[in-house]
1. Alpha carbons only, please: Rg and Dmax for the range 58-108, in angstrom.
2. Quick one: 3J(HN,Hα) in Hz for the range 117-125, Karplus 6.51/-1.76/1.60 with θ = phi - 60°, rounded, Gly and Pro as x.
3. Could you tell me what fraction of 2.2 N^0.38 Å the Cα radius of gyration of the range 4-54 comes to, as a two-decimal ratio?
4. Please work out the Cα center distance from the range 50-105 to the range 113-152, rounded to the nearest Å.
5. When we measure straight from the Cα of K92, which lysines land under 29 angstrom away, once same-chain ones fewer than 8 places off are left out?
6. Helix-only mean residue ellipticity at 222 nm, the chain, DSSP H runs n ≥ 4 weighted -39,500 (n - 2.57), per residue, nearest 500. What is it?
7. Tell me, rounded to the nearest percent, the portion of alpha carbon pairs in the chain spaced more than 24 Å apart.
Amino acid sequence: MPTYSSLSRAQRLSILNSFKSGLGPDDLKDYVNVEFKLLAAWYAQYQAGDFTWAGITDEDYEDRREAYMLFSQGVGYKKASRLLELNQTKVKYWLKVFRNGNTDFFKRGRYAIEKYSPELKESIREAVKSGKETKKSISERLHIPLCTISKWTRDD
């Protein structure tokens, strides 16, 4: 069985997202190649609000909060990346998220799973299908990722 160090960050984030979607260690034990004892320990940490095992640190959240403050003051991504000493590509993405009005990203991080009601999904499908509104405009108005809306309307 792999240990913590042999799993990639992406694999650990996948497990974190599974926890956030309501699955527990018992549900995952047959699907991930991780010792149950380790899964249970991570789940306990997850429930306590500690995501460090998945590769998410308080530093990540702090960087986002600082970026949010800079963007609020009108600072662009190049200057913000210099001030925060972060990769320009990452900060450019954050600015795009900021401009779309998704403040939750800065408050709780990228890896929080949203649960949307079936009624909301159906109303979006109907609006797109009837041509009342574009996927992009719905995405911007409701702060739902465009890829999520596209997935919901793919069969239409």
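Each value in this text was obtained by applying a stated rule to the coordinates, not by laboratory testing. No experiment lies behind these values; they were computed from the predicted model shown.
1. So, for the range 58-108, Rg and Dmax equal 9.5, 25 Å respectively.
2. Using θ = phi - 60°, the values come out as 6, x, 5, 5, 4, 5, 5, 5, 4 Hz.
3. Normalised Cα radius of gyration, the range 4-54: 0.98.
4. Comparing the Cα centres of the range 50-105 and the range 113-152, I get a distance of 26 Å.
5. K20, K78, K79, K107, K115, K135, K136, K151
6. -18000 deg cm²/dmol
7. Counting every Cα pair in the chain, those more than 24 Å apart make up 50 percent.
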